[in-house]
Amino acid sequence: MSILVIADHNNQTLNGATLNVVAAAQKIGGDITVLVAGSGAQAVADAAAKVAGVSKVLLADNAAYANQLAENVAALVADLAKGYKYVLAASTTTGKNILPRVAALLDVSMITDIISVESANTFKRPIYAGNAIATVQSDEAIIVGTVRGTAFDAVAAEGGSAAVEAVAEAKDAGISKFVSEEIVKLDRPELTAARIVVSGGRGVGSGENYHKVLDPLADKLGAAQGASRAAVDAGFVPNDFQVGQTGKIVAPDLYMAIGISGAIQHLAGMKDSKVIVAINKDEEAPINSVADYWLVGDLNTVVPELVSKL
Ligand SMILES: Cc1cc2nc3c(=O)[nH]c(=O)nc-3n(C[C@H](O)[C@H](O)[C@H](O)COP(=O)(O)OP(=O)(O)OC[C@H]3O[C@@H](n4cnc5c(N)ncnc54)[C@H](O)[C@@H]3O)c2cc1C
């Protein structure tokens, strides 16, 4: 069986999420080809060629793919997909933008957010914000699916030696164009890739207090910072901090939920974390149901005390 994995990247580096998709592809079994569609993306193709388990890398290097415009990349992928049984991508913003279009162009249904490979055509995926798990079977000629990275342990980034082949096709749909982007530069680890996440909710009270109380803790732990939607909506932190159903899905070794009540939409984004610590002044807050450690107290005194002891 042949599997085409769409690389997630920024033309310079391969996003670690691709390593999780390759792991899912290995569970299906078969020859794994990684497609790098970008511009000036040779370094990404070289990195993809080194990924354990990858047999071939296709590099479509063209200005039309520079900013991952979904209309252009989807047209390319749909064309290449005809030679494969599976097309997989990470459940990242990019993957979720491109693959539904690929499925539509191929006129097949799509499986989103695969969390388990049961057999060659049967997969598990969360529904109702992760409160139920659906087992779905696909009889499509080409199976198109996004993979939830946190559900699969990444394959090694090194160890492979796949050949890199150039793809000359330049698909410019001509219906969208890249205008600009604003990227927040952080000194901290990226939220979805971090081993430790310190998250703050409405309980922190303000953006100023978020940084005053949580930054020292995150600094001590070398943690990424996250937030509930309430904290984001209140403007405490930017929206790329949001963890949950409509934010990022994380599963770090340690997740600290501080001043977060634990609404199901928040739990949907973090409940697979290995160890969950909750700090909340309300001993009946629902976060309690998933927390491994649970500290009842005012975060304004408890967190600085914790920092002083670390
Ligand atoms: C369609 C939809 C999608 C959503 N998606 C998301 C999502 O992706 N992510 C998300 O997070 N939410 C999401 N929500 C919102 C969600 O329902 C909750 O409203 C939100 O998670 C609440 O955030 P919170 O826990 O910070 O705030 P609250 O529920 O207000 O909880 C604040 C907590 O802080 C505690 N607290 C207050 N002061 C202190 C103090 N001094 N010390 C210690 N503890 C204190 C309180 O006891 C309370 O438990 C979504 C909702 C909908 C309808």
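Per DSSP H run of n ≥ 4, the term is -39500 (n - 2.57); total these for the chain, divide by its residue number, and report the mean residue ellipticity at 222 nm rounded to 500 deg cm²/dmol.
Here the helix-only value at 222 nm equals -8000 deg cm²/dmol.
Among 182-195, 256-269, how do they line up from the highest to the lowest mean number of other beta-carbon atoms within 10 Å?
Values: 182-195: 12.9, 256-269: 23.9.
The densest-packed peptide leads the list: 256-269, 182-195.
Taking the DSSP beta bridges in the chain as the whole, what percent of them are antiparallel, to the nearest 5?
If we restrict to bridges inside the chain, about 20 percent are antiparallel.
So which residue, out of N62, N280, N131, gets the largest mean-square fluctuation from a GNM of the chain using Cα contacts under 10 Å as springs?
Among N62, N280, N131, the largest GNM mean-square fluctuation belongs to N131.
If you take the charge dipole of the chain about its Cα centre, with +1 on Lys and Arg Cβ and -1 on Asp and Glu Cβ, which of A173, A120, A162 is farthest toward its positive end?
A120
Label the range 2-166 by shape, choosing from rounded, prolate and oblate, from the square roots a ≥ b ≥ c of the eigenvalues of the Cα gyration tensor; if a/c is under 1.5 it is rounded, and otherwise prolate applies when a/b is larger than b/c, oblate when it is not.
Prolate shape, in that a/c is at least 1.5 and a/b is the bigger ratio.
Any number yet on Rg/Rh for the chain, C-alpha, Kirkwood?
1.01
Would you give the gap between the C-alpha center of the range 67-123 and the C-alpha center of the range 130-173, rounded to a whole Å?
Answer, in whole Å: 7.
What shape does the range 80-167 have by the C-alpha gyration tensor, where a ≥ b ≥ c are the square roots of the eigenvalues, rounded means a/c under 1.5, and otherwise prolate means a/b greater than b/c and oblate the rest?
oblate
With both partners inside the range 39-197, how many of the DSSP beta bridges are antiparallel, as a percent to the nearest 5?
Just about 45 percent of them are antiparallel.
Which of the lysines could a cross-linker bridge to K281, judged by Cα under 19 Å and excluding same-chain residues fewer than eight apart?
K281 reaches K212.
Could you name the lysines whose alpha carbon sits less than 26 Å from that of K85, not counting residues in the same chain fewer than 8 places away?
In chain and number order, the partners are K27, K50, K56, K96, K124, K171.
If each of V164 and A104 carries a label point 7 Å out from its Cα toward its Cβ, how far apart are those two points in nm?
The modelled label-to-label distance comes out at 3.3 nm.
Under a point spin-label approximation (7 Å from Cα along Cα-to-Cβ), what is the V179-S289 distance to one decimal in nm?
4.2 nm
Near K82, which aspartates and glutamates are there with a Cα under 18 Å away, not counting those fewer than 8 places off in the same chain?
Result set, ordered by chain and number: D31, E71, D107, D139, E140, E165, E169.
Where a number appears in this text, it was derived from the coordinates with a stated rule and is not lab data. Computed from a predicted structure; not experimentally measured. No Cβ is skipped: glycine too gets one built from the backbone with ideal geometry, and neighbour counts run over all protein chains shown.
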